[in-house]
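The values are calculated or read from the model by the stated rules, or taken from the named source; none is laboratory data. As the structure is a computational prediction, the values presented were derived from the model and not from experiment. Here Cβ is always computed from backbone atoms with ideal geometry, including for glycine, and neighbour counts include all displayed protein chains.
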Amino acid sequence: MPVVAANAHVRLAATAVHGDAPVFRRGWSYHDGIRPDGTPDAGLLFTAWQQDPRTAFVPVQRRLARGDALSRYLVHEASAVFAVPGGVRPGGFVAQALLED
């Protein structure tokens, strides 16, 4: 019998367990006081770095969508994907490998 439930967020999001490409994650909690309606203005800012969202982030999100036990406590507000080019070689320019391949 597993110690961590099969539908636990941590189990479903574990890329190494499921053979997905690695995802490097970081979350920041915030609490900015109380809103005029009396509810807390609080939450979690979450970032994830990966080489290709199709082989890393997307498979994780599909598993979570099928039954993540944590989802009943969450409200998803927004999402975005950004391409961040790698470093610049001497004599090169930003995103050179992306633009010249």
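Where residues in the range 14-35 are touching an Asp or Glu at 6+ places or on another chain (Cβ under 8 Å) and assigned to a loop (DSSP other than H, G, I, E, B), which of them is nearest to residue 49 (Cα to Cα)?
The selected residue is 21.
Please go through the range 91-101 and pick out each residue that is in a helix (DSSP H, G or I) and of a type in the set (Gly, Ala, Ser).
Looking only at the range 91-101, we keep the residues that are in a helix (DSSP H, G or I), and these are 96-100.
Selection gives 97 alone.
Report, by residue number, each residue of the range 28-43 that is touching a residue at least 12 places away in the same chain (Cβ under 8 Å) and surrounded by fewer than 10 Cβ atoms within 10 Å (Cβ to Cβ).
Of the range 28-43, the ones touching a residue at least 12 places away in the same chain (Cβ under 8 Å) are 28-30, 42-43.
Selection gives 28, 29, 30.
Any residue in the range 44-56 that is within 30 Å of residue 98 (Cβ to Cβ), without any contact (Cβ under 8 Å) to a residue 12 or more places away in the chain and either of a type outside the set (Asp, Glu) or outside any loop (DSSP other than H, G, I, E, B) (or both)? Can you show your working first?
Of the residues in the range 44-56, the ones within 30 Å of residue 98 (Cβ to Cβ) are 45-56.
Restricting the remaining residues to those that are without any contact (Cβ under 8 Å) to a residue 12 or more places away in the chain gives 54.
Then drop every residue that is not either of a type outside the set (Asp, Glu) or outside any loop (DSSP other than H, G, I, E, B) (or both), which leaves 54.
Within the range 44-56 (the criterion being within 30 Å of residue 98 (Cβ to Cβ), without any contact (Cβ under 8 Å) to a residue 12 or more places away in the chain and either of a type outside the set (Asp, Glu) or outside any loop (DSSP other than H, G, I, E, B) (or both)), the answer is yes, since at least one residue qualifies.
Matching residues to (1) surrounded by 10 or more Cβ atoms within 10 Å (Cβ to Cβ); (2) part of a loop (DSSP other than H, G, I, E, B):
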site	(1), (2)
58	yes, no
63	yes, no
72	no, no
76	no, yes
82	no, yes
86	yes, yes
89	no, yes
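Residue check, residue 7 against (1) part of a loop (DSSP other than H, G, I, E, B); (2) out of contact with any Gly (no Cβ under 7 Å at 6 or more places or on another chain), all met but one. Which one?
Tallying (1) part of a loop (DSSP other than H, G, I, E, B); (2) out of contact with any Gly (no Cβ under 7 Å at 6 or more places or on another chain), residue 7 fails exactly one: (2).
I'm trying to understand the selection: among the residues of the range 43-99, which are touching a strand residue (DSSP E or B) at 6+ places or on another chain (Cβ under 8 Å) and charged (D, E, K, R)?
The one that is touching a strand residue (DSSP E or B) at 6+ places or on another chain (Cβ under 8 Å) and charged (D, E, K, R): 77.
Could you list all residues from the range 61-80 that are within 11 Å of the chain's Cα centre (by Cα) and more than 16 Å from residue 27 (Cα to Cα)? Talk me through it step by step, then tell me what you get.
So in the range 61-80, the residues within 11 Å of the chain's Cα centre (by Cα) come out as 61, 79-80.
Listed by number, the list holds a single entry, 61.
Collect the residues in the range 11-22 that are aliphatic (A, V, I, L, M) and surrounded by 12 or more Cβ atoms within 10 Å (Cβ to Cβ), keeping them in residue-number order. Quick ask: steps written out before the conclusion?
Going residue by residue through the range 11-22, those that are aliphatic (A, V, I, L, M) are 12-14, 16-17, 21.
Residues satisfying the conditions are 12, 13, 14, 21.
I need a count of the residues in the range 22-73 that are of a type in the set (S, T, N, Q) and closer than 23 Å to residue 86 by Cβ. Working first, answer last.
Filtering the range 22-73 down to residues of a type in the set (S, T, N, Q) leaves 29, 39, 47, 50-51, 55, 61, 71.
When the remaining residues are screened for being closer than 23 Å to residue 86 by Cβ, the result is 47, 50-51, 55.
Result for the range 22-73: 4.
Does at least one position in the range 49-72 carry a residue that is of a type outside the set (A, V, I, L, M, F, W, C), modelled with pLDDT of 90 or more and over 23 Å from residue 16 (Cα atoms)?
yes
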